[in-house]
Amino acid sequence: MRWTRSQLPPADALAFRDLVVSWNGASSPLAAEARKKGYRVYLESTLQQAEAAAIASEKDGLAGIILDSSSSDKALIDKAVAGLRSAHPKVRVLVLSPDGKQPEMRGSLVIKRGSVLEVSSPTAQPWIDSNLSQVRIERRSRPHERPMYSFAWTPAESGQERKDATATGYSLAVAEAGAFHADLVLQVDERLQKGLANNNQDAWKLWRRVQSYANFYSDRPEQQLPEMGNVALVVDDLDPGDEVMNLLARHNIPFKVLLPADLKSADINSFDVIVIFAKDKGTFEQVPSIAAEGRTIVVVDAHGSYPWQKNEAVRLNEQTMRYAVGKGSVLELSEPVSDPETFAQDIRRLLGKQNALISIWNGLTAVAVPYKAQRGILLELVNYAEEPVRIQVQVKGSFDSIRYETPEQPCCKSLAPVKHDGFTEFVIPDLMISGRVHLEGGQQNTASPTRTVTGPRR
């Protein structure tokens, strides 16, 4: 958590031992006091101040430094991190993306048309601002680093005066980062900081709820598990503001972000649908061989001559052509994605029922993230509504044991599995803010059945 006031409570009471203090070029009395009280203190620094911050951290026995990556090129940051780690091996050097979103439900959808962001009118269906796409991009950008992000608290609706964060807001922020297996630098309101430091009862009543989430998502082996995903998004630029990724996450379509070079990896065989936004010529040359193995390739904003066009073609609608390639197919979309919501629904339909890793009913406000576990699947759930929901979940695979735990309940409650056609279904009666499901026993179905491919609706 980021702390700014001169007073602070003991680390044992707060349940957050990692404290972030801004580096201003001089020794910080706050950093020294925090270290005495048992905190692991990190100095937050710009790239230009990084060397001085590392020297100060090493001299004062601090935990390390955190580099703000907002105004620096990735290549420069990576070069600086390598140099700092070499010169200061005892100083932990982390990279922070400050471009996260406040996790919440909202009434409008933001659509990116070229370089212009357009905001739709409020709708009855809940739209979710989550940081899952941000985490996926950070994980691809730095594969050997744990993603770390932060965000600024904003008004619920544009034009309103900013309100203090609530216990639910803080808990949701902590739960989201924990469920996505990422690190969060949590910004704490100064009035709450003052209340906690002065032992104010109302402040501690709020914070005790946040503590339960912090403890639930504390470091554990499960957080190193690989993410699951059978949809790949191939991009030229790692843009965390891409609304397409946000909507895929919103529809619980497990995806991974790839760069063109990743298509040469053997792991490409694990994907059923590959969406290509990249304009790299070498990528297009690889498409026919990848599709021939039985995958569906979607090429977005396609113009020109491509290797697969010598095969049989069918016009599905005004914007979409389908080419049969071996056991698979290539779909050409002649336009960029203008409606991410419809596009996400199209991808779900292209996967088909038999290739859907996760399906959720009555879960419009819930995001689920599956991870490969030693004995099955670990499923992390986050509910962005401010009230409990009853959801029905279907996971691909056959599992005998389903155990459910939450920050509010000790591990674990057994849920009744219902198996059919290679899937396991279960019901979570009251998902509050977040929960974790352990699916074990039986067999996980990783084979890809025969695909029936239709085209995107337009």
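Quick look at the numbers
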read-out: Subset of the stretch 313-340 (residues that are β-branched (Val, Ile, Thr) and out of contact with any helix residue (DSSP H, G or I) (no Cβ under 7 Å at 6 or more places or on another chain)); value: Val314, Thr320
read-out: Residues (charged (D, E, K, R) and either buried (at least 18 other Cβ atoms within 10 Å of the Cβ) or free of Cβ contacts under 8 Å to residues at least 12 places away in the same chain (or both)) located in the stretch 354-391; value: Glu380, Glu387
read-out: Subset of the stretch 9-27 (residues that are in a strand (DSSP E or B) and farther than 19 Å from Ala203 by Cβ); value: Asp18, Val20, Val21, Ser22
read-out: Residues that are within 29 Å of Asp239 (Cβ to Cβ) and either in contact with a Gly (Cβ under 7 Å, 6 or more places away or on another chain) or part of a helix (DSSP H, G or I) (or both), drawn from the stretch 45-82; value: Gln49, Ala50, Ala53, Lys74, Ala75, Leu76, Ile77, Asp78, Lys79, Ala80, Val81, Ala82
read-out: Strands (runs of 3 or more DSSP E) enclosed by the stretch 309-365 - at least 1 residues per element that are farther than 30 Å from Glu425 by Cβ; value: 313-315, 320-325, 328-333
read-out: Check on Ser72, of a type in the set (S, T, N, Q) and in contact (Cβ under 8 Å) with a residue 40 or more places away in the chain; value: no
read-out: Helices (runs of 4 or more DSSP H) lying entirely in the stretch 189-291 (those with 2 or more residues that are more than 21 Å from Gln102 (Cβ to Cβ)); value: 190-197, 201-216
read-out: Single unsatisfied condition, Ser401 versus (1) open to solvent by 10 Å² or more (accessible area, probe 1.4 Å); (2) among the small types (Gly, Ala, Ser); (3) touching a helix residue (DSSP H, G or I) at 6+ places or on another chain (Cβ under 7 Å); value: (3)
read-out: Failed item in (1) under 15 Å from Ile290 (Cα atoms); (2) open to solvent by 60 Å² or more (accessible area, probe 1.4 Å), with Trp308 passing the rest; value: (2)
read-out: Residues of the stretch 412-453 satisfying the condition of being over 14 Å from Gln394 (Cβ atoms), surrounded by 13 or more Cβ atoms within 10 Å (Cβ to Cβ), among the polar types (S, T, N, Q) and at pLDDT below 95; value: Ser448
read-out: Pick from the stretch 170-193, criterion touching a Lys or Arg at 6+ places or on another chain (Cβ under 6 Å) and open to solvent by 20 Å² or more (accessible area, probe 1.4 Å), ranking: nearest to Val21 (Cα to Cα); value: Gln187
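Table: residues versus (1) in contact with a strand residue (DSSP E or B) (Cβ under 7 Å, 6 or more places away or on another chain); (2) closer than 20 Å to Leu132 by Cβ; (3) open to solvent by 40 Å² or more (accessible area, probe 1.4 Å); (4) small (Gly, Ala, Ser).
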| position | (1), (2), (3), (4) |
| --- | --- |
| Pro260 | yes, no, no, no |
| Ile268 | no, no, no, no |
| Gly282 | no, no, no, yes |
| Ile297 | yes, no, no, no |
| Arg322 | yes, no, yes, no |
| Lys327 | no, no, yes, no |
| Glu341 | no, yes, no, no |
| Ala344 | no, yes, no, yes |
| Gly352 | no, no, no, yes |
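The values are calculated or read from the model by the stated rules, or taken from the named source; none is laboratory data. For clarity, every value in this text was computed on a predicted model and none was experimentally measured. As a convention, Cβ positions derive from the backbone with ideal geometry for all residues, glycine included, and neighbour counts pool all protein chains shown. Side chains are part of the model used for accessible areas, which takes the heavy atoms of the whole protein and leaves out ligands, DNA and RNA. Shrake-Rupley method; radii C 1.70, N 1.55, O 1.52, S 1.80 Å.
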